[in-house]
Amino acid sequence: MWKSIREFLKANSDKRFRVLILGPANAGKTTLLERLADSPAGAAIVTRKGKRVKEVPRGYDQRGIHNIDDEITYASNPAFIFHDSGGFEAGGVEELEAVWKFIRKRSLASPLKQLHAIWLCIPTDNDRPLGFLQSGFFSESTASVPVIGIFTKLDGRRTKVEVEVLGPAPSPSDFCDRAQEVDQKVAEFVNGLETQFRNEQYPPAGFIRVGNMDEVSMRSIALCDQLLLVTIGALPHETQRSLLRLTVWKRNRRMHTMFVLRRVLHAGTEGSIVARTQQPVQDEESELRADKGFRILMEVRLHLS
C-alpha cells in the first residue's frame, strides 16, 4: 500500500488542482480564495502567459480588466491554481462565451493544464442573486468538470432579515425572542435559491453555504474543509479525487506546520520546541510578528525549492 502511495505522490508531484471560480463582482470570491489558502488580503500571485503580473490593478475583478486565462496562486498554498471569471454580470453574452470557451478548452487540455472543478459563488446578501445567470449558463453541460454552487455572504443575508424582522434598533431581548424567526427566514431564502438551481437543465453537482468568511476563525476553516469535501464528492474520476485529496493533504500539513512555527517564533528561543508551541499567545502584536516571520520563512523555502 505504502509503495502505491509513494508512486502516486511521485507521479503527481508537479500537478495542481485547477479551479474556475464564477460569480458577479462583490460575490466574495477573492475572500473565499484567501481563506482557503490561509493568505492575507492582496497576496495573490497572478501569472499571465507565463509571466507574473507585478502590479495587480485595483478593480482587477471588474469587467474589462480581468483575463480568465490568468493563473491565480498563493505562496501560502501553492497546490491550487485558480481562474477567475471576473464580474460575471447579467446578460453578458461575450462574458458567457469567454467562460464556455475556457471550459471547453481546459476540459480537454493536458493533465497539467486541465480544469478540474467550477465554483459558482452566489451572493445571498443580494435580493436578486441569480440575475447574473440569466444569460443561460445552465443550458449546457460542463461534462467532466463539476459545478459546485456556493451560497456566499450568509451573514449579509442575516443582517438584512434582522432589519426586516426586528427593525433598525432592536433591543437585546428582541434578538433572543425572535432569533429563531430570523434563522427560519434566512433558511427559506437560501432553500428557495437551491430549489431553483436543482430545477435547471444542468444543475450544480453540489452545494455549500458560507458566511463570515472575512474572519479567520475555526468556523471559516471548517467551511473551507467542507467545500473541499463537497468538491471531492462531485468529481467524476478517481484520479481527480485522488489529486484533490493530495492537495487537501498538502494544505492541512502546511497549516499544521504554520501553527507550530507561529508558536515557536512567537515564544522566543527558550525551552524545547514542544513546550514553546504550547505557550499561549500573549498579545495580537506578537502574534502578527510571528506570522510575518513564518511567511518570510515560507517565501525563502519556495525560492529555494
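Just so you know, all these numbers are worked out from the coordinates, no wet-lab data involved. The shown structure was predicted, so the numbers you read here are calculated from the model rather than taken from an experiment. Here the Cβ positions follow ideal geometry from the backbone for every residue, glycine too, while neighbour counts run over all protein chains shown.
Values computed for the structure shown
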{"quantity": "Placed amide H near LEU115: partners under 5 Å, 5+ positions off or other chain", "calculated": "SER107, ALA109"}
{"quantity": "In order through region 178-194: 3J(HN,Hα) via Karplus (6.51 cos²θ - 1.76 cosθ + 1.60), integer Hz, x for Gly, Pro", "calculated": "10, 4, 5, 5, 5, 4, 5, 5, 5, 4, 4, 5, 6, 4, x, 5, 5"}
{"quantity": "Residue pairs, from the table LYS54/LYS153; LYS105/LYS250; LYS15/LYS101; LYS101/LYS185; LYS160/LYS250; LYS101/LYS153, whose Cα atoms sit over 32 Å apart", "calculated": "LYS101/LYS185; LYS160/LYS250"}
{"quantity": "Per-peptide average of other Cβ atoms within 10 Å, ordering 184-196, 71-83 highest first", "calculated": "71-83, 184-196"}
{"quantity": "Other-chain or far-sequence residues with amide H under 5 Å of CYS121's (modelled H)", "calculated": "LEU22, GLY23, ILE150"}
{"quantity": "Other-chain or far-sequence residues with amide H under 5 Å of ASP84's (modelled H)", "calculated": "ILE21"}
{"quantity": "Rounded to whole Hz, the Karplus (6.51, -1.76, 1.60) HN-Hα couplings of region 105-118, x for glycine and proline", "calculated": "5, 6, 5, 10, 6, 5, x, 6, 10, 6, 7, 9, 7, 10"}
{"quantity": "Positive minus negative residues near PHE207 (Lys, Arg vs Asp, Glu; Cβ under 12 Å)", "calculated": "+1"}
{"quantity": "Cut-off 13 Å between beta-carbons: net charge of the residues surrounding ILE150, Lys and Arg +1, Asp and Glu -1", "calculated": "+3"}
